[in-house]
Each structure stands twice: as structure tokens, then as C-alpha cells.
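Peer 1: Below is one structure. I have some questions about it.
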Amino acid sequence: MPKVLIIAYYTPPLGMSGVMRITKFAKYLPRFNWQPIILSVKPIAYYHYDAQLMNDLTHVPIYRSESLDLARLWYRFKLPSSLIKAKTNKMSIFSNFIFFPDAKSPWIPFATQLGNKIIQKEKPALLFATSPPFSSLVVALKLKKKFNLPLTIDFRDPWPTGFIEPPRIIRNRVENLRDDLLKQADAVITVNAQIRTQINYPSAHIIDNGYDPDEFNQPAIEFKGLNIVHTGNIFGIENELKIVMQAIADFPQVRLTLLGQLSQSFLNEIPRYHNVHYLGLHSHAETIAIMKGASLLLYISKPNQAVGLKLYEYFGARKPILAIGDNTAQATQLIKNHQAGFVINKDLTAIKQFIQSYLNQKVPYDPINLERYNRIEQSYQLSLIFNQILT
């Protein structure tokens, strides 16, 4: 069984969406005759941990290097988690102004050094690096050049036009580095067509984000009434979410359940609404159980994000999706194409009318073609790309 060295900064026991893709690839690649090995960072300060995700990686050797990036330093100096949560976003933006190519660049020399040792010991057949952070791609390129190994790079977010854009003074350098990486890579993968366009690489393979069917083999957690569930952080969609909260205020039999990270200012708003309930951060398994017990799963597109990871997990829950926003957006088009839910304009009256009609008579829910987002199938697609590179 050939080995693949996976270079990923974000790995369990960290939680949230940034770790899911690589965790599930590593979990299922052995089914398709590839043995994953992971190169990551030593424990870092983070706003959410999910130790249960380590169960997916019991068969995977994980090597962890030192780093001098802020998240690693905060961990070593034992900063309080409350302070980390408050400072993470601001410090990430600030760090991107002083580090190249991104805030995790102080990890590059340590990861490269450890990567040298791993390759000499494990003899992988190829390298696979996922981003962000884009520093992981730099590590992979250095290792490729030294050991002449084929390289596949993975874009979960666009670059350099992602959620934290680089300052103008280094933008040209970032774009030149990106173009060099694309030129040197033996294969390029993105999570959707929009990112493929944004990185200007038309021949990139698309392997969507997805859901792990194993996670849905558990009992649902249900609440009384018509329960609308929203998972994940709400940064960038606060206004849209408030409209939904206002729309259901006149329906005492309707409950809105929120899970994930939100700001203190938004948390202060919730007591104004008797039927809005915030459950905080939960493990991925607990979140899946609550999703399975939902009447409707609420999806609101974020600015500059084509499709959020949670949409694919909503697909896995096999519950109708209520999407608020633009009918032409990629996420809402996916919902329509798969007959997986309902798309409503960002309008208070329209949302109220939908809730009333849904209470009167539920609309049939019969989704189609969702299996393509199964993490097992996606790992198979990745294995085919690896096989093609080696032939």
C-alpha cells in the first residue's frame, strides 16, 4: 500500500469545519489502498476542541512539529480560552499584514525540517497539502523540490481573495507564489467551481466538501414543536439571522436552535426572543444528532463564501433545508438541484409566510443525488487522482 504524506496545519483534536475534510480523507483513504501519514503542528491555542474526532485517525501516524506562530505561542504561554476567542479573528488579520504568505508562516521551517525526517523514514509515494493556511502549501513545495516527489495541493478557500485578504503591499508577491505553486503541482483540487475560477486554474479537479455517513448512524436529539436548527458560527450573517428570529417571534410553536460560535453582542440579543435557544459549542457528534432531530435546517450564505461545509452535512442529515438569501447563489442552486429544501428571500414577510404555510401543511421532501457528497466516495475520487499521478 503506497503512502501519502498529508500536510495539514489544522487537525484533530481541534474542532470546527477546518479539520473535517482532511480528517475524513485520512479516515477513508486506506479503503482505496492508500496509507495516510499526517504532518501537522504541535498543540495550539484554539477556540474549540473535539477530541472525539481523533477516533477517525487511530490508524494514521501523526507527526507534529514546533512552530512560532501566535496560536502555538499562546498555547505554550497558557492564555485563557476566553481571551483566545476574543482575539483570534483580530490577531489573524493583523498577522497577515506582517507574515508572508500568511499568519502561519512561522510554522514553515519547523514543518519542513520534520517533513525531511518523515520522508526519509516513511518513504511516501506522494505529497498532499491542504490549505488554508497557505503556508502548508509552501512546506509541501519545499519537500517536493528536495525529494522530487509528486505533489497534490488542495484549496478549501480561495487565494488570495479569501476571507482575510493580504494587504496590497504584498498582494503581488502572494499571487506570484500561488501561480508558482499551481505550476509546480502535479494535481490541483478545489472544493467548488467558484474557487477554481478564483485561483485561475480551469483544469483543477473539484472534490466537494461532504458528510461522513458513519456519523449519522446515531439517535437523533429532538425538541418539541417545529424546530429550526442552525449550526456553525454566525459571523457575517447576523442581520439575516435576526430577520429569521423576528419572523418566528409570532409563532409560539416554532423553535430556533443555534449551535456554534457567536459574538457576545449577538448573545445579548437572544433573550429578547422567547423561542430562540442557544446551545453553545458541541462536539461534532452531538451537533449531528441535533441536526438529525430538526424539522428544518437553516442555511444562510456568508459573504465571499460559495458553499459552507455545513450545507453538505445538512445533506447527510436528510432533513429539509430552509435557505435564506439569493436564488442565484451557488449554495441555493445546489439545494434546488438536489430538491433538498426551500429558498426564501431575505424578507421578513416572505419568511413569515413560509413558516405559516409549512405549519399548515408540510411540503414533501424527496432529495435526489446526495450520495456524491459521501466522504467515502470523495476519498475514492482522491485516490483515483493519486493513482493517475503515479502512472
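The values are calculated or read from the model by the stated rules, or taken from the named source; none is laboratory data. Just so it is clear, the model here is predicted, and its values are computed rather than measured. A quick note on method: Cβ atoms are made from the backbone with ideal geometry, for glycine too, and the neighbour counts reach across all protein chains shown. Ligands, DNA and RNA are stripped out before the accessible areas are found, and what is left, the full protein with its side chains, is counted by its heavy atoms. Shrake-Rupley method; radii C 1.70, N 1.55, O 1.52, S 1.80 Å.
Peer 1: Have a look at T190, F315, T231 and report the one farthest towards the positive end of the charge dipole of the chain, computed about the Cα centre with Cβ charges (Lys/Arg +1, Asp/Glu -1).
Peer 2: T190
Peer 1: Please give, to one decimal in nm, the separation of the simple spin-label points placed at K145 and S203, each 7 Å out from Cα toward the Cβ.
Peer 2: The two pseudo-label positions are separated by 2.2 nm.
Peer 1: Roughly how many nanometres apart are two label points built 7 Å out from the Cα toward the Cβ at Q333 and E371?
Peer 2: 2.5
Peer 1: For F32, put the label point 7 Å out on the Cα→Cβ axis and report which residues of the stretch 354-391 keep their amide N under 19 Å from it.
Peer 2: The answer is 370-391, whose backbone nitrogens lie closer than 19 Å to the label point.
Peer 1: Skipping prolines and chain starts, which residues have an amide H placed within reach, meaning under 5 Å, of the one on L297, given they are 5 or more residues away or on another chain?
Peer 2: Correct list: V229, I321, L322.
Peer 1: Please work out the FRET efficiency for the pair K183 and T391, using the Cβ-Cβ distance as r and a Förster radius of 30 Å; give the result to the nearest 0.05. Write down the numbers at each step before the final one.
Peer 2: Working: r = 21 Å, r/R0 = 0.71.
After rounding, the FRET efficiency stands at 0.90.
Peer 1: Further question: Can you pull the accessible area of V363 for me, 1.4 Å probe, Å² to the nearest 10?
Peer 2: Surface open to solvent at V363 totals about 70 Å².
Peer 1: Hey, can you grab everything whose amide H is under 5 Å from the amide H of R64? Only 5+ residues off in sequence or another chain; H modelled, so Pro and N-termini drop out.
Peer 2: Residues meeting the criterion, in which the H sits 1.01 Å from N, are S40.
Peer 1: Leaving out ligands, DNA and RNA but keeping every protein chain, what accessible area does F147 have, in Å² rounded to the nearest 10, with a 1.4 Å probe?
Peer 2: 60
Peer 1: May I pose another question? Explain nothing, just the number: dipole magnitude of the chain about its Cα centre with +1 on each Lys and Arg Cβ and -1 on each Asp and Glu Cβ, in debye rounded to the nearest 20. Numbers along the way, then the final one.
Peer 2: Values: 43 positive and 29 negative charges, 196 e Å.
So the magnitude is around 940 debye.
Peer 1: Based on the Cβ-Cβ distance of Q356 and S283, what FRET efficiency does E = 1/(1 + (r/R0)^6) give at R0 = 30 Å, to the nearest 0.05?
Peer 2: Values: r = 35 Å, r/R0 = 1.16.
The calculated FRET efficiency here is 0.30.
Peer 1: In addition: Whole number in Å², please: accessible area per residue of the chain, 1.4 Å probe, ligands, DNA and RNA not counted.
Peer 2: 43
Peer 1: Could I ask something else about it? Quick check on my link table: of K24/K362; K27/K117; K302/K352, which ones sit more than 32 Å apart, alpha carbon to alpha carbon? It would help to have the intermediate numbers written out before the result.
Peer 2: Values: K24/K362 34 Å; K27/K117 23 Å; K302/K352 22 Å.
Too far apart for the 32 Å limit: K24/K362.
Peer 1: From the Cα gyration tensor of the stretch 38-79, with a ≥ b ≥ c the square roots of its eigenvalues, which class applies: rounded if a/c is under 1.5, or else prolate if a/b is larger than b/c, or else oblate? Display every interim value, and only then the final one.
Peer 2: On the way: a/c = 3.59, a/b = 1.55, b/c = 2.32.
Verdict is oblate for the stretch 38-79.
Peer 1: Hey, another quick one. Using a Cα-Cα cut-off of under 12 Å, which aspartates and glutamates could be cross-linked to K292, ignoring same-chain neighbours fewer than 8 residues away?
Peer 2: Straight-line reach from K292, under 12 Å: E215, E222, E313.
Peer 1: In terms of modelled amide H atoms, which long-range or inter-chain residues lie less than 5 Å from the amide H of A45?
Peer 2: Distant-sequence amide H within range of A45: R72, W74, Y75.
Peer 1: In nm, to one decimal, how far is the modelled label at F251 from the one at N116, with both set 7 Å along Cα→Cβ?
Peer 2: 6.2
Peer 1: With θ set to phi - 60° and the Karplus curve 6.51 cos²θ - 1.76 cosθ + 1.60, what are the ³J(HN,Hα) couplings of the stretch 276-284 in order, to the nearest whole Hz, using x for Gly and Pro?
Peer 2: 3J(HN,Hα) across the stretch 276-284, in whole Hz: 10, 10, 9, 9, x, 8, 10, 5, 4.
Peer 1: Take the solvent-accessible surface of the protein heavy atoms, probe 1.4 Å, and return the percent of it on the chain that carbon and sulfur atoms account for.
Peer 2: Working: 8730 of 16940 Å².
Reported share for carbon and sulfur atoms: 52 percent.
Peer 1: For the stretch 44-57, take each phi angle, set θ = phi - 60°, evaluate the Karplus expression 6.51 cos²θ - 1.76 cosθ + 1.60, and give the result in whole Hz per residue in order, putting x for glycine and proline.
Peer 2: 10, 6, 8, 8, 7, 10, 9, 5, 4, 5, 5, 5, 6, 10
Peer 1: Just how much of S203 is accessible, in Å², when a 1.4 Å probe is used and the result is rounded to the nearest 10?
Peer 2: Rounded to the nearest 10, the figure is 80 Å².
Peer 1: Along the stretch 240-248, what does the Karplus equation 6.51 cos²θ - 1.76 cosθ + 1.60 (θ = phi - 60°) give for ³J(HN,Hα), rounded to whole Hz, x for Gly and Pro?
Peer 2: Ordered by residue, 3J(HN,Hα) equals 5, 5, 5, 5, 5, 4, 5, 5, 8 Hz.
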